[in-house]
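The values are calculated or read from the model by the stated rules, or taken from the named source; none is laboratory data. Please read these numbers as outputs of a predicted model, since none were measured by experiment. With ideal geometry, Cβ positions are generated from the backbone for all residues, glycine too; neighbour counts draw on all protein chains shown. Each accessible area value is taken on the protein alone, full model and side chains, heavy atoms only, with ligands, DNA and RNA left out. Shrake-Rupley method; radii C 1.70, N 1.55, O 1.52, S 1.80 Å.
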Amino acid sequence: MKKFNIRKVLDGLTAVSSPSPSPQLGAKENELIPETLQSEHFQLCKTVRHGFPYQPSSMAFDPVQKILAIGTQNGALRLFGRPGVECYCQHESGAAVIQLQFLINEGALVSALSDDSIHLWNLRQKRPAVLHSLKFSKERITFCHLPFQSKWLYIGSERGNIHIVNVESFTLSGYTIMWNKAIELSSKAHPGPVVHISDNPMDEGKLIIGFESGIVVLWDLKSKRADYRYTYDEAIHSVAWHHEGKQFICSHSDGTLTIWNIKSPAKPAQTITPHGKQPKDGKKPEPCKPILKVEYKTTRAGDPFMIFSGGLSYDTVGRRPCLTVMHGKSTAVLEMDYSIVDFLTLCETPYPNDFQEPYAVVVLLEKDLVVIDLAQNGYPIFENPYPMMIHESPVTCCEYLADCPVDLIPALYSVGSRQKRQGYSKKEWPISGGNWGLGTQSYPEIIITGHADGSVKFWDASAIMLQVLYKLKTAKVFEKVRCKEEKPSTEIVDEDPFAIQLMSWCPESRMLCVAGVSAHVIIYRFSKQEITTEVVQLLEVRLQYELNDLESPEGGGDQTPGTSPSPQTTAPQTHTSTSSNSSDGIRDNIPCLKVRSSPLKQSSGYQVELVVQLVWVSGEPPQQISSLAINSCYGLVVFGNSNGLAVVDYLQKTVLLNLGIMELYSSNDPYQRQLRSPRKSRQPSGAKMSRKLSLPTELKPDLDNRDNSFSRSRSSSVTSIDKEAREAVTSFHFCETYNRKADGGLTSSLWVGTSLGTVLAISLSMPPAGEQRLLQPVIVSPCGTLVRLKGSILRMAFLDSTGSLLPSAFEPWYEPNAPANGEERDKVRKRRPVSVSPSTSQELNENQYAVVCSEKQAKVISLPSQTCVFKHNITETSFVLRADVVQMNAGICLACFCANGHIMTLSLPGLRPLLDVNYLPLTDMRIARTFCFTNLGQALYLTSPTEIQRITYSQEVCENLQETLGELFTPVETPEAPNRGFFKGLFGGGAQSLDREDLFGESGAGKAPRSLAQHIPGPGGIEGMKGAASGIVGDLARARIALDERGQKLSDVEERTAAMMASADSFSKHAHEMMLKCKDKKWYQF
């Protein structure tokens, strides 16, 4: 009697009721493998954003907390503390951030946006949130000012009016300064928008207001009228006070600085044109470019600092943007690489009425953040510890590896530390606020970025931090082109001929292979020793697409160098002579780039092992490489494009196989394509396109250049005509597996995926390890088709009979430049490569599963029977951009990112959907080109040209994220206010305080009109405050401060009681003396 299996019945039911995969019938050898991963193991959330804030627009600094905030043109907010403490927030509207103001040492920040809204952010929680918002409807915001330790925020508008907001309740005060009242009859015209507001450092009751037209007003808040008006005939860009409150400085649009005494409004006390040429006849100097911002900072010991941006003379055409530092008689002009967005001077005190003692200047540039040390001669810059130069050259591709070998990061760091620049300031980085998270995540993570200039950067990405480890410049292998005229006519791209398109990396052996946009492949080996390579080894490969001309110079079929050497195999010895033009001028057998002929000095780190270049064929340029793989165990590199594929033995420096895709199909193959006529007639158009192919550094509608996938451009016209015309190689996988149904044991193999959804196998017969590996040839033979899927093949992987992932075999790393006669060299050469696949002595019933994922579907194939046991249609309307088989803590899964923005995970081998989140619509090809998943629930993509966004799809990581993230706010005591001094206290010469509550509160100023601004409570409202306030550190700090205040009050009471007791004592003494005097006197004697 047949045994009843309830589990199989239930599985059958779920298969019918949902679009989840169904086991294919006839899979006898497939017993159901228990799957440990469930949907509750998955959750999607953003973890951290690294890099330079894209398109920055404003900046602020908290001098007590030592936190820097940067706002951007798309409403993003980035906060930076000590290295490793950074945070990203986003305003919902996406409007540009025009100004930021910290509530100093309060753990809060006010942002003003270009849509005329202001927001209050709570920074006391690890993920800052908006507490309140205020949206102005009738006036446009141009400037904000929040005095230190005040709760009243001044807001200037385009109409020239000033409104006042209570930052605690985020309500408008009834107190308004109208522009016509401020200027009265001093000007007949409108003074323009408010460009500056600040209170007198020594008198909070006096407010200086700068209008764009050139008028400055000193406003008395109590009497509600202007004390003085200062007029200058050039537009004002910024205003700054001297700390004593008797002088202020303005910067103007003609490159001048005017210094005014507050009680002399008639004319400036001094006018300076710092970069203007001074005429001899005493006339005004020539006008210069506008000075966009000026800061005036005093020191106790010496001269004040005047720091400003802009103001260069107009004849300095082509000169880079500058920051000028004037100190005493010296003027230093500091050139910047990009235009200056904003700058801030960092000072020792937060009090505006004390000597400022500036020690550094933070300069926010369009694409960089520079901090200048003011205390050292020559004003050196600080070494920026944040990973802000991801975009030094545009990123063209990414790879991400979590849980990599533990010795890898130290090895890369040791070779990378020698690349460090010198000449930085010796002081510690001044932005040092916040605290690191207490995350328990301990596995090492590495991110590799490929760039447009041919460089490859390795980053340590462990524990949600990012730090550059090592930079490799691949362009060093080629001859330098000094000017455009010298550019070889063989180049197939207009710009960035060395740009990295694909990377394949074996972390265990540290072998690296990169494919560039000029149809070149470079293989690198890692060494800790410096060497000089006399001749760079070069192979030239002729990949062409001509079906009827099999006598052409390409190595056809399964020929091997041993039997019928193709011309390429001789290339290493004669690489300089292979480049030749035929007599009729048609470019033939010429590579796109010229490999350098002079010796190449290679420092420790990655060193060139071999360069492989595709050559021009009969006047047609080589097609760009669409897929790439390296395997250190076999010593092989394979790459393919729309013409075919080539297998290269990098140990023997030979081409083993050079085939058009059609020739991979065996003669009796059911999927055999019909041979077509040669494509010469149709090729010139293709040639023109590839010749003009510029690199996809920005949004370009060609997804070809991302990932291992060829059929990427997705306009409606790209349909079967194009695809049928060229079947491209889109992915590779090296493995130990069964290539044929009759195989009795495992074979070293290479599986090839194509753009038409075919998976083909090539078997590899490897010589014995050791010396024989370098002497005997590797025999390569195509085995025909294994499986067919819908859409282009993206990823292949193998599972053993228990459903565990089988990694590719690898060779452990050894030092390649060890002494030739050393024992160590012999030892490593004889060591057998580590094969993590099962041994060939397995019994036949212990089978494998192949996982194959295409743009449309995923299949799990049982081997050696080649039966499809599970199949899942991932998407009907869209297509998968990236797919990876990843290891989670509880098992393995297939992770996919679709062009419609969905991120999905499927169980293995059952292909059950576990997660499907509509995360991110594909707005940009950059995301498609850089998105990658890795183990333990980590993934990343380039969210802007300058920033990497890391996300997690693991529920465990999401749960622990709060602990891992750093804290921005830390309890710090505010420094003591400056001492007023005895005489100033006596005669009232110190800082004057003002009761703003009386003046601006509802009782004194009334209510503001409701139509002016609308209050919007933020999502981080009271709950956020409660959450922030519940932190134990916060509680302790508040308790301590409360105790301090109470102690202070008690000591005051004690002092007063002692004084009263002393007074009572003296009174009783006097009374007693009087009594004794008067005791014996009669009443008439008084």
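Quick notes on this one:
- Residue in the stretch 412-427 that is open to solvent by less than 50 Å² (accessible area, probe 1.4 Å), farther than 30 Å from ASN105 by Cα and not in a helix (DSSP H, G or I) present: no
- Selected residue [open to solvent by 40 Å² or more (accessible area, probe 1.4 Å), under 24 Å from THR943 (Cβ atoms) and touching a strand residue (DSSP E or B) at 6+ places or on another chain (Cβ under 7 Å)] from SER93, SER137: SER93
- Selection from the stretch 341-367 of residues that are touching a Phe, Trp or Tyr at 6+ places or on another chain (Cβ under 6 Å) and not in a strand (DSSP E or B): PRO350, GLU366, LYS367
- Within the stretch 244-262, if we keep just the residues that are open to solvent by less than 10 Å² (accessible area, probe 1.4 Å) and in contact (Cβ under 8 Å) with a residue 60 or more places away in the chain, the residue that is farthest from SER198 (Cα to Cα) turns out to be SER251.
- Residue tally, condition open to solvent by 20 Å² or more (accessible area, probe 1.4 Å), assigned to a strand (DSSP E or B) and over 17 Å from GLN1014 (Cβ atoms), over the stretch 103-128: 1
- Considered as a group, the residues in the stretch 158-170 that are within 18 Å of VAL195 (Cβ to Cβ) and not in a strand (DSSP E or B) include one that is most open to solvent (accessible area, probe 1.4 Å), and that residue is ARG159.
- On inspection, ARG926 passes the criterion of being within 22 Å of the chain's Cα centre (by Cα), more than 26 Å from PHE798 (Cα to Cα) and not β-branched (Val, Ile, Thr).
- Among (1) over 22 Å from VAL371 (Cα atoms); (2) of a type outside the set (Gly, Ala, Ser); (3) open to solvent by 20 Å² or more (accessible area, probe 1.4 Å); (4) at pLDDT 95 or above - the single one GLN99 does not satisfy: (1)
- Candidates ILE431, ILE447, ILE372, filtered to the one that is at pLDDT 95 or above, out of contact with any helix residue (DSSP H, G or I) (no Cβ under 9 Å at 6 or more places or on another chain), closer than 17 Å to ARG510 by Cβ and not polar (S, T, N, Q): ILE447
- Pick from the stretch 309-319, criterion of a type in the set (Gly, Ala, Ser) and not in a strand (DSSP E or B), ranking: modelled with the highest pLDDT: GLY311
- Filter pass, ILE492 being open to solvent by 10 Å² or more (accessible area, probe 1.4 Å) and of a type in the set (Val, Ile, Thr): no
- Looking only at residues in the stretch 611-639 that are part of a strand (DSSP E or B) and touching a helix residue (DSSP H, G or I) at 6+ places or on another chain (Cβ under 8 Å), the one that is surrounded by the most Cβ atoms within 10 Å (Cβ to Cβ) is VAL611.
- Segments classed as strands (runs of 3 or more DSSP E), wholly inside the stretch 201-308, with at least 3 members that are basic (Lys, Arg): none
- Condition met for GLU286 (surrounded by fewer than 17 Cβ atoms within 10 Å (Cβ to Cβ) and in contact (Cβ under 8 Å) with a residue 24 or more places away in the chain): yes
- Any hit, the stretch 644-655, residues being hydroxyl-bearing (Ser, Thr, Tyr), within 19 Å of SER527 (Cα to Cα) and touching a Cys at 6+ places or on another chain (Cβ under 7 Å): no
- Looking across the stretch 520-542, the residues that are in a strand (DSSP E or B), open to solvent by 10 Å² or more (accessible area, probe 1.4 Å) and not polar (S, T, N, Q) come down to ARG525, ILE531, GLU540.
So that you can scan it fast, the table gives a plain yes or no per residue for (1) touching a Leu at 6+ places or on another chain (Cβ under 6 Å); (2) of a type outside the set (A, V, I, L, M, F, W, C):
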residue	(1), (2)
ILE431	yes, no
GLY437	yes, yes
GLY454	no, yes
LYS457	no, yes
ALA461	no, no
VAL468	no, no
THR474	no, yes
ASP494	no, yes
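- Test: residue in the stretch 70-78 that is modelled with pLDDT under 50 and open to solvent by less than 60 Å² (accessible area, probe 1.4 Å): no
- Tallying residues that are in contact with a Lys or Arg (Cβ under 6 Å, 6 or more places away or on another chain) and among the β-branched types (Val, Ile, Thr) within the stretch 500-530 yields 0.
- Looking across the stretch 909-939, the residues that are part of a loop (DSSP other than H, G, I, E, B) and charged (D, E, K, R) come down to ARG912, ASP924.
- Members of the stretch 350-388 that are acidic (Asp, Glu) and open to solvent by less than 40 Å² (accessible area, probe 1.4 Å): ASP354, ASP368, ASP373
- Some residue of the stretch 879-896 being in a loop (DSSP other than H, G, I, E, B), touching a strand residue (DSSP E or B) at 6+ places or on another chain (Cβ under 6 Å) and surrounded by fewer than 20 Cβ atoms within 10 Å (Cβ to Cβ): no
- Applying the set (1) open to solvent by less than 20 Å² (accessible area, probe 1.4 Å); (2) modelled with pLDDT of 95 or more; (3) not polar (S, T, N, Q) to VAL85 leaves exactly one unmet item: (2).
- The single residue among THR934, THR930 that is open to solvent by less than 10 Å² (accessible area, probe 1.4 Å) and under 20 Å from GLN43 (Cα atoms) turns out to be THR934.
A quick yes/no check of all residues on (1) surrounded by fewer than 21 Cβ atoms within 10 Å (Cβ to Cβ); (2) at pLDDT below 95; (3) assigned to a loop (DSSP other than H, G, I, E, B):
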{"residue": "CYS144", "(1), (2), (3)": "yes, no, no"}
{"residue": "GLY156", "(1), (2), (3)": "no, no, no"}
{"residue": "LEU172", "(1), (2), (3)": "no, yes, no"}
{"residue": "TYR175", "(1), (2), (3)": "yes, yes, no"}
{"residue": "LYS188", "(1), (2), (3)": "yes, yes, yes"}
{"residue": "HIS196", "(1), (2), (3)": "no, no, no"}
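- SER223 fulfils the conditions (1) under 28 Å from THR349 (Cβ atoms); (2) surrounded by fewer than 20 Cβ atoms within 10 Å (Cβ to Cβ) except for a single criterion, (1).
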